[in-house]
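Chemist: The structure under discussion is supplied below as structure tokens; questions concerning it will follow.
The values are calculated or read from the model by the stated rules, or taken from the named source; none is laboratory data. Quick caveat, the model's predicted, so the values are computed rather than measured. Each accessible area value is taken on the protein alone, full model and side chains, heavy atoms only, with ligands, DNA and RNA left out. Shrake-Rupley method; radii C 1.70, N 1.55, O 1.52, S 1.80 Å.
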Amino acid sequence: SSIGFSALVLQSAVWPLVQLANPPLIPEELVAITKKFQDFHKMKYSGTRRLSWLYHLSVGEVKMNHLRRPYTVTVTTHQLIVLLAFNDSQQHTYSSLLLLTRLDDKELSATVQTLVDAKLVLLSDSKLPSKTSVVSLNMDYSNKRTKFKITASLQKDSQQDIDQTNCSVQDDRKIHIQAAIVRVMKARKSLSHNQLIQETISQIKKVFTPNVQMIKRCIEVLIEKQYIERVPESRDTYHYIA
């Protein structure tokens, strides 16, 4: 493939990032390269780690060859998806872009507006995108710079998005804590409550600083799941169940 590609793989427990509920439709130009990386990741980790694409946080470079001089533009993935739709036609109705990109109305409107503000595309009927708009390439576009970046629209996260992100992070951290407790107990067989707390913190602190109350709750969960048990003679001591 002639398309350059690089990816950052982030741990969800460390990076509080949430995938869009309705991800966009990736253009054919990008399908092969993303599938190739996904297959590589699956093979490397034997399918034990799930890969979630954060398209709304990605960027790309697109080369525009339809003008009097070529330009290389750095854009967000959503801007890229919209621009690639014009490979087949110099203009689209706003409604057709909704179908071609599968971006929700709010996100598509904001994305098209950034391209209008940058003067790369033109609207037929108003200054703001609407369902009746026709979006067309600006064939007279000109810029002194042949390489430039289009600024993404800034949208404030809703309280629902913030709550969803926090909940997702907490769930991932609980899984990490439970895994760390099991590793410690499997190695040590028996530990006092305070020792288990300290060794669990020691294992996880390079990733995040765990809350002691959360560790205590995770211990109770593992007792219920019968991974560990309290020693009858000493309620302050835990024993690993093989």
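Chemist: Quick one: accessible area per residue over the chain, 1.4 Å probe, rounded to a whole number of Å²?
Modeler: On a per-residue basis, the chain sits at 65 Å².
Chemist: Pull up the cross-link candidates among the lysines for residue 206, meaning alpha carbon to alpha carbon under 20 Å and not fewer than 8 places away within one chain.
Modeler: Once the sequence-local lysines are set aside, what remains near residue 206 is 174, 216.
Chemist: A further question follows. Over the chain, what relative contact order in percent results from Cα pairs under 8 Å that are six or more residues apart?
Modeler: 17
Chemist: Using only DSSP helix segments of four residues or longer, with each worth -39500 (n - 2.57), what per-residue ellipticity at 222 nm results for the chain after dividing by its residue count and rounding to 500?
Modeler: It comes out at -13500 deg cm²/dmol, rounded to the nearest 500.
Chemist: So, one more: Among (i) 17.8; (ii) 17.1; (iii) 15.3, find the value of mean projected area of the Cα convex hull in nm² that was calculated from the structure presented, and write down its label.
Modeler: Identified label for the calculated read-out: (ii).
Chemist: Rg/Rh for region 28-71: what does it come to with C-alpha atoms and Rh from Kirkwood?
Modeler: Result for region 28-71 is an Rg/Rh of 1.18.
Chemist: Count the lysine pairs in region 1-130 whose Cα atoms sit under 21 Å apart, keeping only pairs 8 or more residues apart in sequence or on different chains. Present the calculation step by step, with values, prior to reporting the outcome.
Modeler: Working: 35/44; 36/44; 63/119; 106/119; 106/127; 119/127.
Lysine pair count for region 1-130: 6.
Chemist: Roughly how many percent of the accessible protein surface of the chain is carbon and sulfur, given a 1.4 Å probe and a whole-percent answer?
Modeler: On the way: 8060 of 15790 Å².
Of all accessible area on the chain, carbon and sulfur atoms account for 51 percent.
Chemist: Additional query: With angles folded into 0 to 90 degrees, how steeply does helix 28-44 sit against the dominant principal axis of the chain? Use alpha carbons for both and round to 10.
Modeler: Tilt relative to the chain: about 20 degrees.
Chemist: Show 135, 231 ordered by accessible area, largest first, where the area counts protein heavy atoms only and the probe is 1.4 Å.
Modeler: Largest accessible area first, the residues go 231, 135.
Chemist: Follow-up. Could you put 133, 142 in order of accessible surface area, largest first, with the 1.4 Å probe and the full protein assembly present? Mind showing how you got there, number by number?
Modeler: On the way: 133 0, 142 85 Å².
Putting 133, 142 in descending order of accessible area: 142, 133.
Chemist: What aspartates and glutamates could a cross-link reach from residue 186, if we take a straight Cα to Cα line under 20 Å and drop same-chain neighbours fewer than 8 places away?
Modeler: 199, 220, 224, 229, 236
Chemist: Taking Cα pairs under 8 Å and at least six residues apart, what relative contact order does region 117-242 come out at, in percent?
Modeler: 19
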